[in-house]
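Presented below is the structure to which this report refers.
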Amino acid sequence: MEPCGGIGMHFRRCGFHVSAQEVARTGLFMALEIRIAKGGDATAIAHVHVESWRAAYQGLMPSEFLASLSVEDRIVFWERCLLDTPPTTFVALDRGNVVGWASCGPSRDDDGAGTGELMAINIRPSHWRSGVGRQLFNVVKKELAAFPILTLWVVQGNARAIQFYSAMGCHPDGATKSIRIANFEVSELRMRRRTT
């Protein structure tokens, strides 16, 4: 990590710099590094994955399901996932600890030819509203710059996430779908924005 002038940040992978003004505006006073995830990050990503889902989906998914989420199962998933490309997964580290991650790549949608997709972004709840999500989103947007459009799917009713994506310039495009998770259905809506 190469800090820029004290509280500024430098993202080596993307050449992304955050000004002192952005730090002050977002309240982001941490030594944040964003880089591409490596195989050794699987355990840390799995912990953030489970912790963030349990907090973000309270009231949106059955509590029994959220309580049953297994870090061990997620570790196995992430060890396998990090071997595949795409997607590209980025991790955000605060003082060397993974506090968030985001995965992106070409769209998986049937109508998504030539479109990039933010497949997931998860932030440790202790770092919500700290600017970590904003910085990960911007790195993903830069990573997907070869695509004119970035899309993502968000659980309907997840007001916090929809508000965040709206603040990042995304808007619903009218597409919806229902996905099966364990023994229940979840409705999602698609949002999009230009990458430039």
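Throughout, read-outs are computed from the coordinates displayed, never taken from laboratory work. All values derive from a computational prediction rather than experimental measurement. Heads up, the Cβs are rebuilt from the backbone with ideal geometry, glycines too, and the neighbour counts pull from every protein chain shown.
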Give, in nm to one decimal, the length gained when the segment between Val76 and Ala120 is fully stretched (0.36 nm per residue of separation minus the Cα-Cα distance). 14.1 nm
Segments 65-75, 149-159 sorted - mean Cβ within 10 Å per residue, highest first: 149-159, 65-75
Could you tally the net charge around Val155, taking each other residue with its Cβ under 12 Å from the Cβ of Val155, Lys/Arg +1 and Asp/Glu -1? +1
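Can you tell me the FRET efficiency between Gln163 and Ala113 if r is taken as the Cβ-Cβ distance and R0 is 30 Å, rounded to the nearest 0.05?
Once rounded, the FRET efficiency stands at 0.55.
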Net charge near Gly133 (other residues with Cβ under 11 Å of its Cβ; Lys, Arg +1; Asp, Glu -1) is +4
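Just add up the charged neighbours of Ala56: K/R +1, D/E -1, any other residue whose Cβ is under 12 Å from the Cβ of Ala56. Let's see the in-between values first.
Values: positive: Arg54, Arg124, Arg160; negative: Glu51.
Residues close to Ala56 contribute a combined charge of +2.
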